[in-house]
Amino acid sequence: MPDLFSHTPVVLSEMLDYLQPEDGETILDCTFGGGGYTQAILTRAHCFVWAIDRDPDAITRGLTFAKNLQQKEGERRLHMLYGCFSTLQTLIQSAYAPPLFDGIVMDLGISSFQIDDPQRGFSFKHDGPLDMRMDKNGLTAEDLINTAHEKDLADILYYYGEERYARRIARAIVTERVKTPFRTTFQLADLVRRIVPRNSSILDTATRTFQGIRIAVNDELGEIERGLEQALNHLAPSGRLVVVSFHSLEDRIVKRVMAQATKKTQNSLSLYTLSKANPLQLQSSYSDSFILLTSKVIRPCKSERVKNPRARSARLRALVKGCISYDSITHNKTL
Ligand SMILES: C[S@@+](CC[C@H](N)C(=O)[O-])C[C@H]1O[C@@H](n2cnc3c(N)ncnc32)[C@H](O)[C@@H]1O
């Protein structure tokens, strides 16, 4: 595919500050996209990156980038893995990738390559087929919109799109599709704009509907939930996990999963202090300890928000996997 589009990486320097890639380390980029993060990581340190994407176009870009880099440096520093990050374990096993990583990064959502290509059907700004599948596999947005029950459509728009007018939009879709099935992004956007009243917000009134349908088509929230769990399992001791999300539904999951992981650590610590439990048992429960690096969510700086409107809603959270040995517990009980 010709490179008609490009993607400007968001909160790039903040991501590097938390990921802290070092020479010789192995890093996993779960969302290669346009390769902006991967490229910056490989430039920051002489490390090795394994990169995942569920979009075959992103994999094609990555393979070309990896080949050029190898030719230039005479060494393979980037490996591409095609699939969903929720299946991380299977992906790394089948590619003989290392089981543990010194850093893992996830930059959620879709890339500009995807949103700016009318043929992918993600945007209400371009007319194109109602597709919206990141991986070009399975049910399309068109299938969903033309076949789902009215109540299911309304729930998708309400919960995933956070759209107040979900029930009205779902009713109108179901009435309209009997006469004319939905085929294009403009058809859907026009219908939504007729129903949702304009307010003072700069957002197009079709924004929330498109967000809801996209999340449903790609099971994005389920992916994040399962992907984070996998990422925690594949962090090496002292490994950092950095996640960048773009709306409150995503961020809520990231915040909860990170809080749960770090809370378990605090509970184990107090258990030790209170009961002086069996050291061997302690050692195994401590091997999975995590410390939050971002007590508050990190937002892009003002200049980035001005330069890149897509960055405005970005939120970054990070944690580190503790590397507690039995010695460090018994001697100073610190992580
Ligand atoms: C925001 S872009 C990443 C941009 C990238 N950090 C850069 O700097 O170019 C998100 C990418 O993640 C991919 N993606 C989203 N969800 C995924 C999932 N569950 N598994 C694998 N890839 C996913 C999308 O296809 C898209 O290419």
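Can you pull out the trypsin sites (Lys or Arg not before Pro) in the stretch 293-322 that DSSP calls coil and that have at most 10 other Cβ atoms within 10 Å?
Lys296
From helices alone, the chain scores -14000 deg cm²/dmol at 222 nm; the rule is -39500 (n - 2.57) for each run of n ≥ 4 DSSP H residues, then divide by the residue total. When you filter the trypsin sites (Lys or Arg not before Pro) in the stretch 164-259 for DSSP loop state and at most 16 other Cβ atoms inside 10 Å of their Cβ, you are left with Arg164, Arg183, Arg198. The local environment of Val10, defined by Cβ-Cβ distances under 12 Å, has a net charge of +3 under the rule Lys, Arg +1 and Asp, Glu -1. When nucleic acids and ligands are ignored and a 1.4 Å probe is applied, Met80 ends up with an accessible area of around 30 Å².
With 19 Å as the limit, the listed pairs Lys264/Lys321; Lys263/Lys296; Lys125/Lys151; Lys125/Lys179 have Lys125/Lys151; Lys125/Lys179 beyond it between alpha carbons. When the accessible area of the chain is computed with all protein chains present and a 1.4 Å probe, what percentage of it is carbon and sulfur? The nonpolar share, carbon plus sulfur, comes to 52 percent. Seen against the Cα atoms of the chain and their longest principal axis, helix 220-233 is set at about 10 degrees. Rg over Rh for the chain works out to 1.02, both radii taken from alpha-carbon positions and Rh defined as the Kirkwood radius. With axes computed from alpha carbons, what is the tilt in degrees of helix 56-73 against the longest principal axis of the chain, rounded to the nearest 10 within 0 to 90? It works out to around 40 degrees. A DSSP coil position with no more than 13 other Cβ atoms inside 10 Å describes the following chymotrypsin sites (Phe, Trp or Tyr not before Pro) in the stretch 84-164: Tyr96. Ordered from largest to smallest accessible area (heavy atoms of protein chains, 1.4 Å probe), the residues Cys301, Cys30, Cys84 come out as Cys301, Cys84, Cys30.
With every protein chain present, what is the per residue accessible area of the stretch 7-68 (1.4 Å probe, Å²)?
So the stretch 7-68 comes to 37 Å² accessible per residue, rounded to a whole number.
The values are calculated or read from the model by the stated rules, or taken from the named source; none is laboratory data. Since this is a predicted model, take the numbers as computed values, not measurements. Every residue, glycine among them, receives a Cβ derived from its backbone with ideal geometry; neighbour counts consider all protein chains shown. These area figures cover heavy atoms from the full protein model, side chains too; ligands, DNA and RNA do not enter into them. Shrake-Rupley method; radii C 1.70, N 1.55, O 1.52, S 1.80 Å.
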